[in-house]
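Engineer: Can you keep this structure in mind? I'll have questions shortly.
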Amino acid sequence: MKKVFLAIVLLLGLTTFAQEKEGKKGNREKLTPEQRIDLQVKRMTKDLDLNEKQVTELRTLVTKQEEKREAKRAEIKEKRAKNAIKKEEVKAAIEKEKADNDAAMKKILTPDQYEKWVKIREERKANMREKLMERREENNLEKGAEPVKK
């Protein structure tokens, strides 16, 4: 009787745990490219106090970036399928795109706005790294590995 009761308790616990994990991942909904563009432009307008001309130029830039990003993803996916891609190529392309983006943003923003944009971008990058490390640590603990020391 004790064994049956213990088995039921364990089964319920595992089921609840699995459902909870599924819920965490399932909460995020996919945004369309237009929604992502609108969200990014609204956020930058609020953070940097952009004028109408800057908003228009920024929307154009972000739309072009989104189109390039989608085309590049498709290209990389195709090359990965053929095993014809190198990490160095991808990194070089990302760095070139980043430099082009920075130059375009310098043209659109005032010097003060540009400095604030760079600062915000670096803060978000640091937050993303921190969240990534937390997720990795959670995944390692779930798999039974030792915690990663910082």
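The values are calculated or read from the model by the stated rules, or taken from the named source; none is laboratory data. All values derive from a computational prediction rather than experimental measurement. FYI the Cβ positions are ideal-geometry reconstructions off the backbone, even for glycines, and counts take in every protein chain you see.
Results for (1) loosely packed, with under 10 Cβ neighbours inside 10 Å; (2) modelled with pLDDT under 65; (3) of a type outside the set (A, V, I, L, M); (4) at negative phi, shown as yes or no for each residue.
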{"site": "PHE5", "(1), (2), (3), (4)": "yes, no, yes, yes"}
{"site": "ILE8", "(1), (2), (3), (4)": "no, no, no, yes"}
{"site": "ASP38", "(1), (2), (3), (4)": "no, no, yes, yes"}
{"site": "ARG43", "(1), (2), (3), (4)": "no, no, yes, yes"}
{"site": "LEU58", "(1), (2), (3), (4)": "no, no, no, yes"}
{"site": "LEU61", "(1), (2), (3), (4)": "no, no, no, yes"}
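Engineer: Turning to a different aspect of this structure: Scan the stretch 54-67 and report the pairs whose first residue is more than 16 Å from ALA103 (Cβ to Cβ) and whose second residue is at pLDDT 95 or above and surrounded by 16 or more Cβ atoms within 10 Å (Cβ to Cβ), with Cβ atoms within less than 6 Å and a gap of 6+ or a chain change.
Structural biologist: Going by the 6 Å Cβ cut-off, there are no qualifying pairs.
Engineer: For the stretch 112-150, name all the residues that are over 20 Å from the mean Cα position of the chain (by Cα) and either surrounded by 10 or more Cβ atoms within 10 Å (Cβ to Cβ) or modelled with pLDDT of 95 or more (or both).
Structural biologist: Just the residues of the stretch 112-150 that are over 20 Å from the mean Cα position of the chain (by Cα), to begin with: 112-116, 140-150.
Residues satisfying the conditions are ASP112, GLN113, TYR114, GLU115, LYS116, ASN140, LEU141, GLU142, ALA145, VAL148.
Engineer: Let me ask you something else. Scan the stretch 77-105 for residues that are over 19 Å from THR63 (Cα atoms) and hydrophobic (A, V, I, L, M, F, W, C) and jot them down.
Structural biologist: ALA81, ALA84, ILE85, VAL90, ALA92
Engineer: Of these, LYS82, LYS53, which one is modelled with pLDDT under 90 and among the charged types (D, E, K, R)? First the steps, then the outcome.
Structural biologist: Working: LYS53 fails: modelled with pLDDT under 90.
It is LYS82.
Residue-by-condition table, conditions (1) out of contact with any Gly (no Cβ under 6 Å at 6 or more places or on another chain); (2) in contact (Cβ under 8 Å) with a residue 12 or more places away in the chain; (3) basic (Lys, Arg); (4) part of a helix (DSSP H, G or I):
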| site | (1), (2), (3), (4) |
| --- | --- |
| LEU39 | yes, no, no, yes |
| LYS42 | yes, no, yes, yes |
| LEU50 | yes, yes, no, no |
| ALA104 | yes, yes, no, yes |
| TYR114 | yes, no, no, yes |
| ILE120 | yes, yes, no, yes |
| ARG124 | yes, no, yes, yes |
| MET133 | yes, yes, no, yes |
